[in-house]
Amino acid sequence: MLANAVVARDLTLALRRRSRVIQPLIFTLICVSLFPLALGAEVNLLARIAPGVFWVIALLATQLGLEGLFQSDYEDGALEQWLLAPYPLPLLIAAKVFAHWLLSALPLILMAPLIGVLLGMNLPVLHALLVTLLLGTPVLSLVGAIGAALTVTQRRGGVLLSLLVLPLYIPVLIFATTALEQAAAGLDYTAHLLLLSALAVLALTLAPFAAAAALRIALE
Amino acid sequence: MAEMPSRLAVEGLTLVRGEHDLISGLSFHLAAGTAVQITGANGSGKTTLLRALAGWVRPEAGRIIWSDRNGPLAERPALAYLGHRNGLKADLTPVEELAFAARLHGNRDNVRILDSLDRVGLRPCADRLCGRLSAGQQRRVALARVLLNENAVWLLDEPLTALDADSIVTFQDALMQHLRRGGMAVLSTHQRLSLATECLRTLALEASGAR
């Protein structure tokens, strides 16, 4: 499968520049450890704000790797080679976004239990956090890909990218954090998970096409 | 070569860059087994013309028609494009790059990869990172990628940049072989090519449009 080749290529590239893989993790750890320092180590307070804090940090961490998602391929001409392929561009983009998700969101999800314990989350909340992250982070990567494709011609497009993409992240943030609040209160949060899933499906079906259209315009 | 286009016809092509016309009313045609060399001053639209032929730049007016024996094709044929940027990652080796390029074209024959590296004389560098290769060697890797998939149409933007004398000869041999097999090529270069004259035409672009 071609998609495998795209993912394997991006992972190989990332592993040859390890700093790119490690940076989001360090960023997350540092951000998380700043909160107890700033707010005091009162366990009740931390446990209450922890889910929200973690989600905001997840948003920012996904944001880190986004700028380079298509930029290097655009600048070194690799993107032109993709356009020659007899495969649909959205498929290639979806594969690339998946690689981005593997590198930026998956480590975060794996780290979540540890951080959850550090912030004093209880088990049901931790469980809800993992589920919302699994459903929500793909949306972040996919929507981010549209922004990355739109700003691919901007040399320093990082700020513009944040301005474009962060507002679109708000629904994910709201549904995820309300689900976590419900979980903390011991209530049922299935509805929020369903809404998150709907967002994920929507992003998965539309974002690769939108990003492909943006890249074609960039290359014209 | 899966589909073999036998003719390219460009009719009244007008390409616009920003506000002004770059190329206006350009017409030419190209038959299988021939190449056209585009010459012209910097900024006369050579690259834009190649990109329009690749289908990435929409013409303001005019048509680009690829046809085979049975008449016009609905889509542009599979082609190999070499831009002025090589499209190579500094952190990958030539073999990895070519393997990926082959996969992009649905081709998984690893023999061909080493074979095309051999043809550009880069077999010894097959497993070094592209970032460690010289500019000329990187250009040769990109040329190896053109050879790799045996596409019927080659669009080459300044293919000879950074190449040494031997590599230029190798390139011309490869191009000649491609044409003899019924391929087509459109290339922009300022260097005089020593191809058989019946195979090569030149097309001079002027700053205000084509002659």
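Looking at the square roots a ≥ b ≥ c of the eigenvalues of the Cα gyration tensor of segment A:1-109, which shape do they give, rounded for a/c under 1.5, prolate if a/b is larger than b/c, or oblate? Taking the square roots of the gyration eigenvalues as a ≥ b ≥ c, segment A:1-109 is prolate.
The Cα atoms of segment A:47-159 give a gyration tensor whose axes a ≥ b ≥ c have a/c of 1.5 or more with a/b greater than b/c, which makes the shape prolate. Angle of helix A:43-66 to the longest C-alpha principal axis of chain A, folded into 0 to 90 degrees and rounded to 10: 0°. Summing Cβ point charges (Lys, Arg +1; Asp, Glu -1) relative to the Cα centre of segment A:2-219 gives a dipole of roughly 360 debye. With helices as the sole contributors, the protein assembly as shown gives -19500 deg cm²/dmol at 222 nm; each DSSP H run of n ≥ 4 counts as -39500 (n - 2.57), and the sum is divided by every residue. Between A:64, A:194, A:119, where does the largest GNM mean-square fluctuation fall for chain A, given springs only between Cα atoms within less than 10 Å? Judging by the Gaussian network model, the answer is A:194.
By how many degrees, 0 to 90 and rounded to 10, does the Cα axis of helix A:2-16 deviate from the longest principal axis of chain A? The two axes meet at around 70 degrees.
Measuring between their Cα centroids, segment B:86-149 and segment B:36-66 lie 27 Å from each other.
Stokes-Einstein diffusion for segment A:2-219, with the hydrodynamic radius set to the Kirkwood value over Cα pairs and evaluated at 10 °C in a medium of 1.306 mPa s, equals 89 µm²/s. For chain B, the longest principal axis of the alpha carbon atoms and the long axis of helix B:94-104 meet at an angle near 50°. Couplings for segment A:200-205, taken from phi via the Karplus curve 6.51 cos²θ - 1.76 cosθ + 1.60 with θ = phi - 60°, read 4, 5, 4, 5, 5, 7 Hz in order; Gly and Pro are left as x.
Separation of segment B:174-194 and segment A:137-171, taken as the distance between their Cα centroids, equals 42 angstrom.
Carbon and sulfur: what percent of the protein assembly as shown's accessible surface (1.4 Å probe)? Before the final figure, lay out the partial values.
Details: 11640 of 19600 Å².
Result for the protein assembly as shown: 59 percent of the exposed heavy-atom area is carbon or sulfur.
With Cα atoms defining each centre, segment A:1-70 and segment A:177-215 are spaced 19 Å apart in the structure.
Tally Lys/Arg at +1 and Asp/Glu at -1 over every other residue whose Cβ is under 13 Å from the Cβ of residue B:33; what's the total? It would help to have the intermediate numbers written out before the result.
Working: positive: B:7, B:180, B:181, B:201; negative: B:198.
Neighbour charge sum, excluding residue B:33 itself: +3.
The values are calculated or read from the model by the stated rules, or taken from the named source; none is laboratory data. These numbers were taken from a predicted model, which means no experiment stands behind them. Because the Cβ atoms are built from the backbone with ideal geometry, glycine has one as well, and the counts that use them run over all protein chains shown. The area values use the complete protein model at the heavy-atom level, side chains included, leaving out ligands, DNA and RNA. Shrake-Rupley method; radii C 1.70, N 1.55, O 1.52, S 1.80 Å.
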